[in-house]
2 protein chains.
Amino acid sequence: MKRYLLPLLLITGFASAQSPLVEQARNYRKANENALLSEFMGLLSIPNVVYDTIGIQKTATYIVKMMEARGIKTQLLDATTKGVPPAVYGEVNVPNATKTVIFYAHYDGQPVNPNQWAEGIEPFKSVFLDASLEKGGKIIPAPKANEKINPEWRIYGRSASDDKAGVFSILTAYEVLTKLGIQPSVNIKFFFEGEEEAGSTHLSEILEKHKDKLKSDLWVICDGPVHQSGKKQVVFGVRGDVNMEVKVYASKRPLHSGHYGNWAPNPAMLLSKLLASMKDDNGRVLIKDFYDDVVPFTETEKKAIAKVPPVDEQMRNELGFMRAEGGGKSLVELINLPSLNINGISSANVGKMAANVIPVSATAALDLRLVLGNDAQRQAQKVIDHIKAQGYYVTQNESITDEERMKYPLIARVTTGKGYNAQRTKMDLPIAQNVIKAVKSSTNEEVVLMPSLGGSLPLFLFEKYLATPTITVPIANHDNNQHAENENIRIQNIWNGIETYVALMKM
Amino acid sequence: MKRYLLPLLLITGFASAQSPLVEQARNYRKANENALLSEFMGLLSIPNVVYDTIGIQKTATYIVKMMEARGIKTQLLDATTKGVPPAVYGEVNVPNATKTVIFYAHYDGQPVNPNQWAEGIEPFKSVFLDASLEKGGKIIPAPKANEKINPEWRIYGRSASDDKAGVFSILTAYEVLTKLGIQPSVNIKFFFEGEEEAGSTHLSEILEKHKDKLKSDLWVICDGPVHQSGKKQVVFGVRGDVNMEVKVYASKRPLHSGHYGNWAPNPAMLLSKLLASMKDDNGRVLIKDFYDDVVPFTETEKKAIAKVPPVDEQMRNELGFMRAEGGGKSLVELINLPSLNINGISSANVGKMAANVIPVSATAALDLRLVLGNDAQRQAQKVIDHIKAQGYYVTQNESITDEERMKYPLIARVTTGKGYNAQRTKMDLPIAQNVIKAVKSSTNEEVVLMPSLGGSLPLFLFEKYLATPTITVPIANHDNNQHAENENIRIQNIWNGIETYVALMKM
């Protein structure tokens, strides 16, 4: 690990509103940008989709090496179930520290369909662009060893922001402190999960199995984007999430659309009608009791929400649509409600592969976001009940028997992921106040305090198995294409992220 | 071309209700089955999707060789436009014949997605199965040179039935006559089209450019399946067809469904609602004026339809669904109405590739079947007007400008293929009566007389450019998975088809 320390002259330079520590961290980073990014690009080049067992192992091994290079004692934490991606764990004990903070990020990434990525950009051959694709960014060569790096450049690749940037920024923040000879104010533990994008199915096992090792006063979660206004944000909760798949069946074999069209049932039309029945034109979910069970915000949370800078118009312009769902409700209001979203639909083929057929089935992938009070399985059951109420026979079996086919006019296979519930940490806990103070010390700008992120993380597990609060401090740019093709991170966001985490380790 | 003639004993064997000619043809075929199928398998092994230019050329060349081996003078008929698949043409002049019949089939096939085909079955590596897949058929080795062939076996591969079986059966019928030393009763022309599955976009050019050569009294079209009852059928018309693609746009970039779900518009939901608005729960198309323009059947046609054996219950059982569309109307009624069918839908991913995103767009492939009186573009315009009436801004451009995005709340790209109209030949023409008589002479069973096929062929072009009637005499089994994965032909249908065409060449 080749890194440079700047001469003291620069370190103690012109005073800033940020804390001197953050200034020192920035200078260290500036002197080592190329080496730092080179290490990060190495991390990005390793496939990390959960079902790619070898890629997951290699990713974990790379992170272990990064930690060892920083002098951190590491260990892989297995689940009780075999073959589950391990969590990469490390710890640093600080003399006289009275509190322990665990820094969390995840090293696995969402599935990729390379065909959907822009030309020249591959999920696991990360490249630099001189701007975002949406702003006409072009691929540029990776910067040479001494080439100046423009912080507006972006790095494109799966997990560039979600969440290898988190792993990298946390570890680099720790590196900065050690290189600067500054002792953290808290005992530090590192916990890098390998199964987050697959629903953290075995996280509970890992937490339970290793609960003695994982004792702490707080988990700081590095995941998700900073606020769309560009301001740093501290997030006190997350929505829960549960995935469902709905597959509607028609004929046993594909049919010629001329010989049988408008007589044989068309599964794509059946699915369309079923999905259309789930929401009104304003995006309000029509499923019975869908908005029940919601725990209301506290007064503190309501005040925080009122202070969140409005970004709706900015985002509509940036994303290129005229009318949002919600019948006039704001983005921040809507992400604090339970939601139903179609992630994808598929039936036979479109485009060049389209043929004049009646398909045999049609499938929709759904995700339900849950707020405090919702239960994942209870919420999914409401969807199943709705499908039944539309006249469907619902089964979990992939293959439908002839008896079922001749007995029920409408047949759907509905499967539900394990999912997890929402979580919210009280903003007025003393340790929460420390976090807010630390993040504020890392920037001149206002910090957004958000009671809950729209996105999901399995944070309820930390409460359930470890009785420990969690607070999320994200670092990625909001326009990072997280979870989709052309995922990317803006380099300035990595730099800011390192500074944020330096401040947090010295909270 | 190695073929055998049976001893006369067999040729003049036990009397049958079929004509002696058909008996003779059968005996010739029985003595040459293995060699015949071997030639057919060679034809099936050549890729024939229109955009595969090399495959199309190779297919045409193979057919030319088949024709030359049968002593037919051949020629490729080009379109005026360059690069269009040529029609393979041949002619046989018969001394003293007063009528000329052109036998038509097409040698191109529908697009293939090999991933959707059953294990071990590839579109262009045709294989034998001992029964249909639906009935538990298993792959068996290709029969050896002298192995007995079970006529219930099937051959699986793209165009096995649609429509290389047509090309093969027509040419083999002619082979049978020459080998038996029997002179056809009409001058014969062969016309094998290479662009039918791509909408016969340049067929009009070919017909117009070569109209002197293509003079005849009748076109006999070998395409489509025999009646679902298993009986041979003579079809006097076809529906027209026009393809449309509807693509609904939302955000410019894919979004995290947690951070933006239920605020940012979801294109899969928008498309579902749009498609759902097009048909009621009984499958009746709700688009304004959709059922207008229809030319009613004549009394003769109505009588013929009344005699068509009902197959609805048989087909529902075979296809495995309890309730058909149409609110109780029969299959034969429904295929004589204009139809709207979804061929496929797609938005982002489902299954293993699904991710928690809001997709950027959602696409549906549609086909409209047209009956006599409908015009392809006028019918498509009704769909476009319907989409506009749902509040959509409709464009044909693939890329949507920022101005469009900020001006219109709902944006759809709608493209329409060229399509073609329906055609119907009068059943009481004298030459039509000859065809009916000939087909009846080839079977002991009742022959179904069908005023119009549910499927489509560009038969109006023959009327328009050549002022010549067309009659369709199909040969494939109805459960052939035409246009889809796992296309197949039942061997007995090839054998029956050869006999049908022998009778037609001697009509």
>> Quick check: pseudo-label points 7 Å beyond the Cα along Cα→Cβ at B:K407 and B:R284, how many nm apart are they?
In response: 3.8
> Ordered by residue, what ³J(HN,Hα) values in Hz, to whole numbers, does the stretch A:203-218 give under the Karplus form 6.51 cos²θ - 1.76 cosθ + 1.60, where θ = phi - 60° and Gly and Pro are x?
Replying inline: 4, 4, 4, 5, 5, 5, 4, 10, 5, 5, 5, 9, 5, 6, 9, 6
> Based on the Cβ-Cβ distance from A:A142 to A:S330, what FRET efficiency comes out when R0 is 56 Å, to the nearest 0.05?
Replying inline: 0.85
>> Give the average, rounded to an integer, of partner chain Cβ atoms located within 10 angstrom of each Cβ in A:401-414.
In response: 2
> Expressed as an acute angle from 0 to 90° and rounded to the nearest 10, what is the orientation of the C-alpha long axis of helix B:20-44 relative to the principal long axis of chain B?
Replying inline: 50
> Under 5 Å between amide H atoms, partner at least 5 residues away or on a different chain: which partners does B:Y393 have, H built in plane at 1.01 Å?
Replying inline: B:L410, B:I411, B:A412
>> So the label point goes 7 Å from the Cα of B:N115 along Cα→C-beta, right? Which residues of the stretch B:352-393 then have their backbone N under 13 Å from it?
In response: B:352-354
>> Cα atoms only: what Rg and Dmax, in Å, come out for the stretch B:204-315?
In response: 23.2, 68
>> Loop only by DSSP, 12 or fewer other Cβ within 10 Å of the Cβ. Give me the GluC sites (Glu not before Pro) in the stretch A:64-134 that pass, ordered by residue number.
In response: A:E119
> So what is the orientation-averaged projected area of the protein assembly as shown, using the convex hull of its C-alpha atoms, in nm²?
Replying inline: 43.6
> How about the stretch A:355-450: which trypsin sites (Lys or Arg not before Pro) there lie in a loop by DSSP and see at most 13 other Cβ atoms within 10 Å?
Replying inline: A:K426
> What share of all Cα pairs of the stretch A:316-447, in percent, falls into each consecutive 5 Å distance bin?
Replying inline: 2, 7, 11, 13, 13, 13, 13, 10, 6, 4, 4, 3, 1, 0
> Can you give the helix-only mean residue ellipticity at 222 nm for chain A, where every DSSP H stretch with n ≥ 4 adds -39500 (n - 2.57) and the sum goes over all residues, rounded to the nearest 500 deg cm²/dmol?
Replying inline: -9500 deg cm²/dmol
> Hey, can you rank B:486-497, B:135-146 by average C-beta count inside 10 Å, highest first?
Replying inline: B:486-497, B:135-146
> Cα-Cα pairs above 23 Å in the stretch A:227-375: how many percent?
Replying inline: 53
>> For chain A, what does the relative contact order come out to in percent, with C-alpha contacts under 8 Å and a separation of six or more?
In response: 25
> With r defined as the distance between the Cβ atoms of A:Q433 and A:R3 and R0 fixed at 22 Å, what FRET efficiency is calculated, to the nearest 0.05?
Replying inline: 0.05
>> Checking the cross-link filter: which lysines have an alpha carbon closer than 19 Å to that of B:K407, excluding same-chain neighbours under 8 positions apart?
In response: B:K247, B:K252, B:K388
> Residue-wise, which Karplus ³J(HN,Hα) couplings in Hz belong to the stretch B:165-181, taking 6.51 cos²θ - 1.76 cosθ + 1.60, θ = phi - 60°, and x for glycine or proline?
Replying inline: 4, x, 4, 5, 5, 4, 5, 6, 4, 5, 4, 4, 4, 5, 5, 7, x
> Which whole number in µm²/s is D for chain A by Stokes-Einstein, with the Kirkwood Rh taken over Cα pairs at 20 °C and 1.002 mPa s?
Replying inline: 88
> For a paramagnetic label modelled at 7 Å from the Cα of A:Q314 toward its Cβ, which residues of the stretch A:205-226 fall within the zone defined by backbone nitrogen distances under 18 Å?
Replying inline: A:224-226
> In the neighborhood of B:S216, defined by Cβ-to-Cβ distances under 14 Å, what is the net charge if each Lys or Arg adds +1 and each Asp or Glu adds -1?
Replying inline: +1
> So which aspartates and glutamates pass the test for A:K144, namely a Cα distance under 12 Å, with those fewer than 8 places away in the same chain ruled out?
Replying inline: A:E33
>> Between the stretch B:75-154 and the stretch A:261-320, what is the separation of their alpha carbon centroids in Å?
In response: 50
>> Quick check on the stretch B:28-181: what does the Kirkwood estimate of hydrodynamic radius come out to from the alpha carbon pairs, in Å?
In response: 17.0
> Cross-link list A:K329/A:K464; A:K164/A:K506; B:K82/B:K213: which exceed 29 angstrom alpha carbon to alpha carbon?
Replying inline: A:K329/A:K464
> According to a simple spin-label model (label point 7 Å from Cα along Cα-to-Cβ), what is the distance in nm between A:A131 and B:K231?
Replying inline: 7.1
>> I need the phi-derived Karplus couplings for the stretch A:65-81: 6.51 cos²θ - 1.76 cosθ + 1.60, θ = phi - 60°, integer Hz, Gly and Pro marked x.
In response: 5, 4, 6, 4, 4, 9, x, 9, 6, 10, 6, 8, 9, 7, 7, 5, 5
> Other chains' Cβ within 10 Å of B:78-85 residues: what's the mean?
Replying inline: 0
>> Counting only other residues whose beta carbon sits under 13 Å from that of B:I149, what net charge do I get with K and R as +1, D and E as -1?
In response: +2
> For the stretch B:157-248, which trypsin sites (Lys or Arg not before Pro) are both in a DSSP coil and crowded by at most 15 other Cβ atoms within 10 Å?
Replying inline: B:K211, B:K213, B:K215, B:K231
> Helix A:376-389 versus the longest principal axis of chain A: what is the Cα-based angle in degrees, 0 to 90, to the nearest 10?
Replying inline: 20
> Based on the inverse mean of 1/r over its pairs of different Cα atoms, what is the Kirkwood hydrodynamic radius of the stretch A:117-269, in Å?
Replying inline: 20.9
> Near B:K231, within a Cβ-to-Cβ distance under 13 Å, what is the net charge of the other residues, with Lys and Arg +1 and Asp and Glu -1?
Replying inline: +1
>> Under 5 Å between amide hydrogens, which residues at least 5 positions from A:L255 or on another chain qualify, with H placed 1.01 Å from N in the peptide plane?
In response: A:I358
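Where a number appears in this text, it was derived from the coordinates with a stated rule and is not lab data. Being a predicted model, the structure only gives us computed values, none of them experimental. All Cβ positions, glycine included, derive from the backbone under ideal geometry; neighbour counts span all protein chains shown.
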